[in-house]
Amino acid sequence: MAKRLQLVIKGVVQGVGFRPFIYQLAHHHNLAGWVLNSTKGVVIEIEGEETGIEAFLEKVEAEPPPLAKIESIETKSLPLAGYSSFFIKHSAEEEEQFLLISPDISICEECLLELFDPTDRRYRYPFINCTNCGPRFTIIEDIPYDRPKTTMGIFKMCPECQAEYDDPTNRRFHAQPNACPECGPKLTLVGSGESRVGSVIRCEDPITETIKPLKEGEIVAIKGLGGFHLACDAENDRAVIELRRRKRRPDKPLAVMIHDIDEVKRHCFVSLEEERVLKSPQRPIVLLLKKPESTISPGVAPNNKYLGVMLPYTPLHYILLRESKMALVMTSGNISEEPIAMENEEALQRLGHIADYFLKHDREIYSRYDDSVVRLTGGEMTLIRRARSFAPFPIQLPFKAQEILAVGPELKNTFCLTKENYAFVSQHIGDMENLETLEHFETTLNLYVKLFRIKHKMVAHDLHPEYLSTKFAKSLKGIPLVEVQHHHAHIASCTAENGVEGRVIGLSYDGTGYGSDGTIWGGEILIADWRGFRRAAHLRYFPMPGGEAAIKRPYRMAFSYLYSLFGEDYEKLKIDFVGSLRKDEVKIMKNQLDKNLNSPITSSCGRLFDAVSALLGVRSVIDYEGQAAVELEMMADQDVKECYPFEIQDSRLPTPDSPLVIDTEAIVRGVVKDLEKGTSSSVISAKFHNSVVNFSTEICERLREEEKLNRVALSGGVFQNLYLLTKLTRKLREAGFDVLTHKKVPANDGGISLGQAVIANFATKSTT
């Protein structure tokens, strides 16, 4: 019996080979009709025998193209139309409709085989791609996803490429970036330095010519999918040191690109799960435990047991890495926390004093895109920086959301836009501390608003009045604003990505967050849901002498703890730290603490880690956020079981709503006592970490009894600490808790915007 159906398929179904898949499937089952791309999804009409239609539907759901992500399939029966064949219609655009967009993904195996096949017309062509791989989000100007609405629109396809593009049986059918050496983008090698700035290096093969200076220890800026990388020989100490000097990045770890998995295993320990993530189409940077015998320069990741490693993901990377057989530092093409340089002239201006050469191309980038960074925790992938290959794919929400903009925090900024059941968390924007990053924020926001057809009617922002993101929110006229407390947003982001509604015990540990009482929070235990929170407990307050100076100079926090706990007797302590202090600065810090001058109090867990790191002589001054805590974690002895004592103080008798206070005095005194006894730093570090695990578990057990809650959410940058996260998660689960952690957005401030948006959605009051 013949029938006719209309299907509307939503999800990531454009730019992933979905229409040729449907075309071939319809022909296989002798069905007639048509398929088209629309701003509401892929629309299909099929007509034929009922058995053929049933088999067609089964295959669509069970075996879609590898990069497709089907969110929903709507079906509707229609009267027979008498179609005689199956064909592909031109794309249709409808007002207010939107569709999900595929992130950029790695080159596929079929294109890789062609890339290195001397008989193929795309042999060594650095822009080879098909419907299953290549650039997507970084070249899209608008939807529906068709070539004229991408930055490939300026490249007219040659007859051979056009024939592939028009052939529904070809894997390059409607592959919008389709090109070849005759008609597509081209590479150019350009010199830098005073004598050759902007001068084109005349050569037959820019890639081969690029390998020469890399082997000689020079620095090359290489244009990738979302911007420029700065590359140098990762096994050359001098080159790495020079790159750090020019980039003004003394200590923060640099990413390394290695040509294949076997070579990665020569340098790092790689589990099966880590190998799977390394080789996935997303190709993120994966943090891997470094082998002692690795020849990667120690300067790539100083005082760190881990290397951030990625495999090649563009054809250009593959040619460069395979033919050079080098491990290359591939770090973002920027200075400090400025946005990654995106276009050719911009890169020459901003990176001309860093790079000796520029390997650039003429395919424009429409959206900046850093590399994503992940690590495996308990066999599961957790995001540290969410960018290339993950954004702009949305987080699915367990409720239908209003159209809201959440502008995120200051550090590791992302923004979030919500619509229907989706939360579109942007790619990593960076630290909102300069005009360049604010401009990147605004440009990217405008793109998301356009692509996803969002008209936000509410804006959520952090409580901190001096954040650039907060100031941006308050500059918007006529839109209701919702203030969201930083640590509440952390917990809401964790529960939202896990699809969990209702109250939880939320452990929100980080460096800095503006508290609702005007102090600096950071060691918070909240009873929270999406509608509100109660501060159930926090770490004991200690002052920060010099305010922000105490963040960048952990020795100031260490002194604060000693002076607060020991008074003038701190001078009698027989520990190296005391002797390392400069007398002139001690005088200043004492004055600040005694007179409460520029010494805000904080409950920050991150500052506690900083203080212990400085007391141990691990890190007294930091170059990047969290450095003192990272290096403290790196030295912890995994076999140590002991911990330091602590006290949980109950101040609720006169005021029942007052939070419990976790007094860390005994922990700090224990650290000092061990230092005086000559206990090794690795043992002290482990005992300190174990103490954090123990007081966190004890406070959760106490609140479970009081609040009748058994679910714990862990969020905040401190939970990027693998030692802490692994041990605390295990201990909480052994105690019978249901533990929620981050997988889809970072635990650090990169996930804040999601929490802000969710809380704003349920807010009952707003300010204008």
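The values are calculated or read from the model by the stated rules, or taken from the named source; none is laboratory data. In this text the structure is predicted, and so the values were computed from the model without any measurement. Heads up, the Cβs are rebuilt from the backbone with ideal geometry, glycines too, and the neighbour counts pull from every protein chain shown. Surface accessibility is based on the protein's heavy atoms, side chains included, excluding ligands, DNA and RNA. Shrake-Rupley method; radii C 1.70, N 1.55, O 1.52, S 1.80 Å.
Data table
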| quantity | calculated |
| --- | --- |
| Residues of the range 121-155 classified as among the aliphatic types (A, V, I, L, M) and either open to solvent by 10 Å² or more (accessible area, probe 1.4 Å) or at positive phi (or both), total | 1 |
| Hits in the range 378-400 (condition: surrounded by fewer than 19 Cβ atoms within 10 Å (Cβ to Cβ) and touching a residue at least 40 places away in the same chain (Cβ under 8 Å)) | G378, G379, E380, M381, Q396, P398, F399 |
| Flag for R607 being touching a strand residue (DSSP E or B) at 6+ places or on another chain (Cβ under 8 Å), closer than 17 Å to F559 by Cβ, modelled with pLDDT of 95 or more and not in a loop (DSSP other than H, G, I, E, B) | yes |
| Test: residue in the range 661-671 that is part of a helix (DSSP H, G or I), over 30 Å from E497 (Cα atoms), touching a Leu at 6+ places or on another chain (Cβ under 9 Å) and not β-branched (V, I, T) | yes |
| Boolean, N421 is open to solvent by 30 Å² or more (accessible area, probe 1.4 Å), part of a strand (DSSP E or B), out of contact with any helix residue (DSSP H, G or I) (no Cβ under 8 Å at 6 or more places or on another chain) and of a type outside the set (F, W, Y) | yes |
| Output for the range 721-742, where each listed residue is open to solvent by 40 Å² or more (accessible area, probe 1.4 Å) and either in contact with a strand residue (DSSP E or B) (Cβ under 6 Å, 6 or more places away or on another chain) or among the β-branched types (V, I, T) (or both) | T726, R733, D738 |
| Whichever residue in the range 174-189 is open to solvent by 10 Å² or more (accessible area, probe 1.4 Å) and among the hydrophobic types (A, V, I, L, M, F, W, C) and, among such residues, is nearest to I219 (Cα to Cα) | L187 |
| Residue check, E49 modelled with pLDDT under 95, more than 37 Å from the chain's Cα centre (by Cα), of a type outside the set (K, R) and exposed (fewer than 15 other Cβ atoms within 10 Å of the Cβ) | yes |
| Residue within the range 291-300 that is part of a strand (DSSP E or B), over 28 Å from N434 (Cα atoms) and either open to solvent by 30 Å² or more (accessible area, probe 1.4 Å) or of a type in the set (S, T, Y) (or both) present | no |
| Selected residue [open to solvent by 10 Å² or more (accessible area, probe 1.4 Å), among the hydroxyl-bearing types (S, T, Y) and assigned to a strand (DSSP E or B)] from T512, T443 | T512 |
| Selected residue [open to solvent by 10 Å² or more (accessible area, probe 1.4 Å), touching a strand residue (DSSP E or B) at 6+ places or on another chain (Cβ under 8 Å) and within 25 Å of V718 (Cβ to Cβ)] from V500, V504 | V500 |
